[in-house]
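The values are calculated or read from the model by the stated rules, or taken from the named source; none is laboratory data. Treat the numbers as computed from the prediction; the structure is a model and nothing was measured. As a convention, Cβ positions derive from the backbone with ideal geometry for all residues, glycine included, and neighbour counts pool all protein chains shown.
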Amino acid sequence: MAKSLEDWVNSDVKAVANKPLDWLSTHYFFRDPARPLYSDSCFFFSPADGIILYQKQVKPDESVIDIKGQNYSLRDAMRDEDFDQECLIIGIFMTMYDVHVNRIPFAGTLCYKELEPIGTHNLPMLDTEIDLISELKINNENAEYLYKNQRVLNSVYASDLGLKYYVLQIADYDVDCITPFQLGQNNQCSQNERFSMIRYGSQVELIVPITEQHELELLQEPGVHVEAGLDPLILIHDLDLDEDEEDETEAN
């Protein structure tokens, strides 16, 4: 469950930090622990295990974070200059010590497309991981990989909400391998169902459009470590329902 960065390092990382690298990379990294499949349409759950680096409501061309004087926007993230929706974006960094199986935050129909890296090679994410684990701090100055690295954009149409949201998976330098568990498109997925895995260090972004029908309330803070399928990130308020309840209360 959700922990502060320091608590997570002390409880989870230090327990295995002295293990040989080959054990970490071949055994520990590929673990896939059984987890309960929570189902609650009031929440978006975390799609990934990792540390929340940032969370922000932004317009398509607005800066999510500033990286060495360069803005990183929704359009940069999604590699789509025509994207025109204001969204809530949450960036989750997955370290070597995290479970790398990703899960569906809210039930819906899943499609995906691979976006190639800009340049010959992916940029490494190791400096960001060192800052988090060794220095216990978030340093977005090392996040240049967000511009260039290979990524898979997963879109999920959530019929219960009447909207399409996105789970963006960004690969690390070492092994640019993002593996969907089902190769077909338009798959029906339950909330918190396993859908993909990223190899080694990586990042996942949950991107949810802002609509007039729903208000999205952030439940966690940057610097908190969350677990996929267990920790809710966003509480969904149905504005139409809330207004109806207020009218009924006033009538009584």
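Condition first: among the hydrophobic types (A, V, I, L, M, F, W, C), touching a strand residue (DSSP E or B) at 6+ places or on another chain (Cβ under 7 Å), touching a residue at least 24 places away in the same chain (Cβ under 8 Å) and farther than 21 Å from Asn71 by Cα. Can you find one or more residues in the stretch 133-143 that meet it? Before you say what the answer is, go through the steps one by one.
Narrowing the stretch 133-143 to residues among the hydrophobic types (A, V, I, L, M, F, W, C): 133, 136, 138, 143.
From what's left, touching a strand residue (DSSP E or B) at 6+ places or on another chain (Cβ under 7 Å): 138, 143.
With the extra rule that they be touching a residue at least 24 places away in the same chain (Cβ under 8 Å), the set shrinks to 138, 143.
From the residues that got through so far, the ones that are farther than 21 Å from Asn71 by Cα too are none.
For the stretch 133-143, residues among the hydrophobic types (A, V, I, L, M, F, W, C), touching a strand residue (DSSP E or B) at 6+ places or on another chain (Cβ under 7 Å), touching a residue at least 24 places away in the same chain (Cβ under 8 Å) and farther than 21 Å from Asn71 by Cα: absent.
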So, first residue more than 22 Å from Tyr28 (Cα to Cα) in the stretch 188-203, second residue at pLDDT 95 or above and hydroxyl-bearing (Ser, Thr, Tyr), Cβ within less than 7 Å, six or more apart or across chains; the pairs are Gln188/Thr109
Looking at this structure, is Val58 touching a Cys at 6+ places or on another chain (Cβ under 7 Å), closer than 30 Å to Pro209 by Cβ and touching a residue at least 12 places away in the same chain (Cβ under 8 Å)?
yes
Residues of the stretch 99-122 satisfying the condition of being modelled with pLDDT under 95 and more than 17 Å from the chain's Cα centre (by Cα):
Glu116, Pro117, Ile118, Gly119, Thr120, His121, Asn122
Conditions: (1) surrounded by fewer than 18 Cβ atoms within 10 Å (Cβ to Cβ); (2) farther than 15 Å from Gln55 by Cα. Glu86 meets all but one. Number of the miss?
(2)
Residue count, the stretch 59-71, condition part of a strand (DSSP E or B), surrounded by 15 or more Cβ atoms within 10 Å (Cβ to Cβ) and more than 16 Å from the chain's Cα centre (by Cα), comes to 2
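Which of the residues that make up the stretch 18-41 are over 21 Å from Pro232 (Cα atoms) and either in contact (Cβ under 8 Å) with a residue 12 or more places away in the chain or among the aromatic types (Phe, Trp, Tyr) (or both)? If you could, list the steps in order and put the result at the bottom.
The first filter runs over the stretch 18-41 and keeps only residues over 21 Å from Pro232 (Cα atoms), leaving 18-31.
Trp23, Leu24, Ser25, Tyr28, Phe29, Phe30, Arg31 - these are the residues of the stretch 18-41 that are over 21 Å from Pro232 (Cα atoms) and either in contact (Cβ under 8 Å) with a residue 12 or more places away in the chain or among the aromatic types (Phe, Trp, Tyr) (or both).
Assess whether Gln182 counts as being surrounded by fewer than 18 Cβ atoms within 10 Å (Cβ to Cβ) and either modelled with pLDDT of 75 or more or among the polar types (S, T, N, Q) (or both). Please lay out each step first, then the result.
Details: surrounded by fewer than 18 Cβ atoms within 10 Å (Cβ to Cβ): yes; either modelled with pLDDT of 75 or more or among the polar types (S, T, N, Q) (or both): yes.
Taking the combined requirement at face value, the residue satisfies it.
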Look at the stretch 39-55 and say how many of its residues are closer than 19 Å to Gln213 by Cα and either of a type in the set (A, V, I, L, M) or part of a loop (DSSP other than H, G, I, E, B) (or both).
3
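Quick check: is even one residue across the stretch 124-138 closer than 18 Å to Ala77 by Cβ and in contact with a Lys or Arg (Cβ under 9 Å, 6 or more places away or on another chain)? Show your work before the answer.
Let us first name the residues in the stretch 124-138 that are closer than 18 Å to Ala77 by Cβ, namely 125, 128, 138.
The next check asks that each one be in contact with a Lys or Arg (Cβ under 9 Å, 6 or more places away or on another chain); those that pass are none.
No, the stretch 124-138 contains no residue that is closer than 18 Å to Ala77 by Cβ and in contact with a Lys or Arg (Cβ under 9 Å, 6 or more places away or on another chain).
Evaluate the stretch 21-34: report whether one residue or more is closer than 18 Å to Val204 by Cβ, touching a Pro at 6+ places or on another chain (Cβ under 8 Å), assigned to a loop (DSSP other than H, G, I, E, B) and modelled with pLDDT of 90 or more. Talk me through it step by step, then tell me what you get.
Taking the stretch 21-34 and keeping what is closer than 18 Å to Val204 by Cβ, we get 29-33.
If we keep only those that are touching a Pro at 6+ places or on another chain (Cβ under 8 Å) too, we end up with none.
No, the stretch 21-34 contains no residue that is closer than 18 Å to Val204 by Cβ, touching a Pro at 6+ places or on another chain (Cβ under 8 Å), assigned to a loop (DSSP other than H, G, I, E, B) and modelled with pLDDT of 90 or more.
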